[in-house]
Amino acid sequence: AVCKVIWGADGDVASLRYAPARRPLDIRSAKVLDAQLAFSQVGRRLAMSAILNRLPPKILMGLPEKNASGGVSFEAAMARHRRALEPPIPQEVAAYATDDLHRLEAVLRTQKPSQGG
């Protein structure tokens, strides 16, 4: 079975559940794992940029800094219960998303969650 691993999925999925009844998004999440929760303390979420600081520099070689590209702003679209990205996705956004997958992989390969995470 395929499981989707995301950093910060808990908040993303929760916001999708509370879409207004007048504009349901018809999104059903299944088999989604939030890696952020495994590395965070109860009541205090660890930002991906913070855990990246714990990684050996060599493992991140070749990846741009997390904040260097400016990231992708999802808040405005989520506040209006709209898709954050409409196809076709711009090349810089696709590159940012791909880089984030590589960052998440680096975290999962080199770090162990705290006890009970």
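The values are calculated or read from the model by the stated rules, or taken from the named source; none is laboratory data. Keep in mind the model is a prediction, meaning the values are calculated, not measured. Quick reminder, even Gly has a Cβ in these numbers, built from the backbone with ideal geometry, and neighbours come from all protein chains shown. Side chains included, ligands, DNA and RNA excluded: accessible areas come from the protein's heavy atoms. Shrake-Rupley method; radii C 1.70, N 1.55, O 1.52, S 1.80 Å.
For the subset of segment 1-16 comprising residues that are surrounded by 12 or more Cβ atoms within 10 Å (Cβ to Cβ), at pLDDT below 80 and among the aliphatic types (A, V, I, L, M), which member is farthest from L108 (Cα to Cα)? Step by step, filter segment 1-16, then rank; the result is L16. Contact map, segment 33-58: residues that are at negative phi paired with residues that are polar (S, T, N, Q) and part of a helix (DSSP H, G or I), Cβ distance under 8 Å, separation 6+ or inter-chain. Pairs shown: R45/Q36; L46/Q36; M48/Q36; L55/T110; P56/T110. Residues that are within 16 Å of W7 (Cβ to Cβ) and loosely packed, with under 13 Cβ neighbours inside 10 Å within segment 37-64 comprise Q41, R44, S49, A50, N53, R54, listed in sequence order.
Scanning segment 87-117 for residues that are modelled with pLDDT under 75 and more than 18 Å from A9 (Cβ to Cβ), we see that the one that is most open to solvent (accessible area, probe 1.4 Å) is Q115.
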